[in-house]
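Nothing in this text is a laboratory measurement; each read-out follows from the coordinates by a stated rule. Just so it is clear, the model here is predicted, and its values are computed rather than measured. Glycine also receives a Cβ, built like all others from the backbone with ideal geometry; neighbour counts cover every protein chain displayed.
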Amino acid sequence: MPRPTKNKYCIILICLVHFFGTSQQNKLDSLKNELQTHTLKDTIRAGMLIELASEMTYSEPNEGFSFIEEAITISKKNGWIKGEALAQRQKGNLYYVLADNLNALDAYQQALSLSRKIPDKQLESSILSNLGNIHADLKEYDRALENYRAYLETSQAMGNRAEEIKALSNIAIIYNDTENFKEGVSYLNKALELAKQEENDLFIAAVTNNLALAYKNLGEHQKALDHYKEAVAIAQKIDNKYIEASALNSIGKINVLLKNYTVAETNANKALTLSKEIGAMEWEADSWEVLSKVHEQNGKMAEAMNAYKKHIQLRDSVLNEEKKSELTRKEMQFEMERQQAVANEEIKRQQLVKNIYLIGAILLVLLAIFGYYIYKRRRDELEKKKNAEFNAKVSETELKALRSQMNPHFIFNSLNSISDFISKNDIQQADDYLVKFSRLTRAILENSEKKSITLNEDLELMELYMQIEAIRLENKLHHKITIDQDIEPNNTLVPPLILQPFIENSIWHGIAPKKGDGHIAIKIEKEGDMLKYVVDDNGVGQPKKNMREKKSNGSFGIKITKSRIDILSHIKNKKGSINLMDKPEGVRVEITLPLELQF
Amino acid sequence: MLKALIVDDEQHCIDRLERLLRSSTHNIQIIALCKTIGEAKKEIAKITPDILFLDVQLGNETGFDLLSQLNSIDFEVIFTTSYDKYALKAIKFSALDYLLKPIDNTELDNALQKLRQQKSLKEASKKIDVLFHNFKESNASSKRIAIPTVEGFTMIDTKEIIRFQSDANYTHIHTLSRKKITVSKTIKYFEDILDENMFFRVHKSHLVNLGYIKTYTKGKGGHITLSDGIQIEVAVRRKDELLKILRT
């Protein structure tokens, strides 16, 4: 990108005029002497310090900072805002020369706000211009334009034409850099007009030179040549060799393009001489480039080669300089990006913390909802349990009523059989029967108060009952009780006398009418969490012919037992059942109950 | 030859017992048959019987009243009753013998058999003391219980007992004084006769005095710690009922 770089040289050409007039070693020395005599920390010393640092800008910029810092301290102490602003601007200049754009921007910004506080338009405009320069360097064209426009406005407000011209030129250069040549030309023309009104030849020369470049870029070679020639004329008039050399080189280049090699050579040689005189290596390189092309066209290959070598050497050293500053610039940019990244990281971190808090809060709310849900469910469950307990109580009361209903029924059946027995048998057997009956009755009386007794106790009662009935049937009744091995009779709880009505049924409707001996087998098994009684008899079976008979077959006791099992099933929430089945010989009854253990 | 006295206010009961005793293989001589306490007192003073068959319910009075009016008891007592839950409990507490009416021949035989094996008559007097103590003492928690042991009988205040532990057909009784008494009775026997407000069966093999439960620790069934520091497991199926009792 050689073109914008060259353009920038033109800007600097203008700016430097503003920064310092003539750099003279003796001026530096005299300032230093004065400082030594004037040790009082007042505004005069501050002014001298700023001036000294300003003198050192190009010769020894690194040394300038200590003076500037002192100037800032003194100005602050004395409340001299302008002094502080000037010092900050000079600090910016020092950084700028050292290519430390970041710190330069910082210092200029401070100077700008200070100058606005005073207010001092001139100072403000100069700072705006410097800010624009740095942004242009950083290729931040939008911000550069912004600053230059503000610079232009303040200059116009002050009525300072010179500043206005510079502002217009700088805006034009930005347009050229962004290849908006037409806009550039228009701004340059405005600047040129003003410069002519002012009759400021330096500005006329510089602007004309830039205008020529813009035309060249637009491809209007003749117009460009005319402007360059004019620039050369004015430069010679004011003896400005920088502009003259630059313009002569440009004329040479255009002539090479127009194949006017002799003219090109003449101009290039002039430019070369001037460049050497002022030590401007870049223009010297340009001159050699033009000469090399001219020699080549003229067939002087050795000379062309020589010129080309010189061009390359000079260009390389210029490029090295540029590269160095480019490198510094890159470093600065990198540093800026790094800081930006750190800031972004911090923002991200804070966002993360915020998110974590948010998630935490949401989780907390969810947890609370969940907790309430659990609490509610538990409460409902307790409520349910309470209801169930109440229902159980009601059911138990009903059960108790049923049990007490059953006993008289059983007792009267037995009394009936005693009467029957006495009328048929002798006294000794009647007595035996009676003792057993009283024992059974006593046991039934005691147990009917209990809602459950152990299986063992219940089976003892059944045993006793069957013994009594066996006596009555003149020992034609035989029975057998089998208990599954995985049942603990002492630890299993059963409702008392649940089997009795079925056994009674088997005896009186199955075995009594039968000819010969009858057999009742009681089996007790475990089926999952249910207890199963199986009562088998080999009696005559249920009467089948007569429907009415069949209906009446379900005795009062069996009906009560059915109700008891229903209520028990309800309390335990497990379905108990009663099944009556006809067999080829006799009847089988299966009763299942919820298995209940004592321990 | 043992001298027997029958006290009953109903003639048919006297007749039945008399008939059974006469046909018994044991050598029993029936000396007197009495229907009232007054008659009985006179007869006892006169004939000094070896066995007294005593009906619990004698009209408006009880067999216990008769015993309490005697200066000394140097005979065995067998109560007869048809149905009296509370009297039976008291009799069982004192380890005295009893027969349920109508009296069964086999049971009478067993009672007489046991009587013959009795070591001395002193035991009878002791048992009756326990009976009277329990009758006089209205406080349910300070009942005395006669415990049959190998040597004879030990009388213990129920509040002296911390717990019963079952060991097949034997039961170990642990007392406050850190004594361990082993009895050849099932734990169920004690559970049945002891006041259910005072003792609770927390486990198949443990019957504990509710007054000595220090803490209950939660768990499947949980466990309790008694005042002597012993920890006892609570059966899962007993947990709810135990907690209900402990809360009240």
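Observations on the structure shown:
- Charge dipole (chain A, unit charges on Cβ, about Cα centre) - positive-most of A:288, A:156, A:208: A:156
- Taking amide hydrogens as placed 1.01 Å from N in the peptide plane, the amide H of residue A:492 sits under 5 Å from those of A:455, A:456, A:598, each at least 5 positions away in sequence or on another chain.
- Rounded D (µm²/s) - the range A:418-469, Kirkwood Rh over Cα pairs, Stokes-Einstein at 37 °C, 0.692 mPa s: 275 µm²/s
- Per-residue [θ]222 nm for chain B (sum of -39500 (n - 2.57) over DSSP H runs n ≥ 4, rounded to 500): -10500 deg cm²/dmol
- Placed amide H near residue B:154: partners under 5 Å, 5+ positions off or other chain: B:147, B:149
- Ordering B:79, B:199 by the number of other Cβ atoms within 10 Å of each residue's own Cβ, fewest first, gives B:199, B:79.
- Across all directions, the shadow cast by the convex hull of the range B:39-146 built on its C-alpha atoms averages 7.1 square nanometres.
- Across all Cα pairs in the protein assembly as shown, the calculated P(r) in 20 Å bins from zero up to the longest distance comes to 11, 24, 14, 4, 5, 12, 17, 10, 2, 0 percent per bin.
- Between 0 and 90°, nearest 10: helix A:101-117 axis offset from chain A longest Cα axis: 80 degrees
- For the residues of B:237-244, the average number of beta carbons from a partner chain within 10 Å of their own beta carbon is 1.
- Mean Cα-pair separation over length for chain A, i.e. relative contact order, pairs under 8 Å, 6 or more apart, %: 6 percent
- Given A:424/B:3; B:89/B:204; A:384/B:220; A:139/A:253; A:451/B:35; A:451/A:575, the pairs whose alpha carbons are separated by over 30 Å: A:424/B:3; A:451/B:35
- Per-residue HN-Hα couplings for the range A:304-318 [Karplus 6.51, -1.76, 1.60; θ = phi - 60°; Hz; x = Gly/Pro]: 4, 4, 4, 4, 4, 4, 4, 4, 5, 4, 5, 4, 4, 5, 5
- Sorted peptide list for B:41-49, A:205-213, criterion being average Cβ within 10 angstrom, highest first: A:205-213, B:41-49
- The range B:184-239: GluC sites (Glu not before Pro) in DSSP coil with no more than 13 other Cβ atoms inside 10 Å: B:196
- Among the residues of A:430-443, the average count of other protein chain beta-carbon atoms within 10 Å of the residue beta-carbon is 3.
- Shown is the FRET efficiency for residue B:113 and residue B:27, computed with R0 = 22 Å from the Cβ-Cβ distance and rounded to the nearest 0.05: 0.95.
- In this structure the amide hydrogen of residue A:538, modeled in the peptide plane, comes within under 5 Å of the amide hydrogens of A:519, none closer than 5 places in sequence on its chain.
- Using θ = phi - 60° in the Karplus curve 6.51 cos²θ - 1.76 cosθ + 1.60, the 3J(HN,Hα) couplings for the range A:258-270 round to 8, 6, 8, 5, 5, 4, 4, 4, 4, 4, 5, 4, 4 Hz; x is entered for Gly and Pro.
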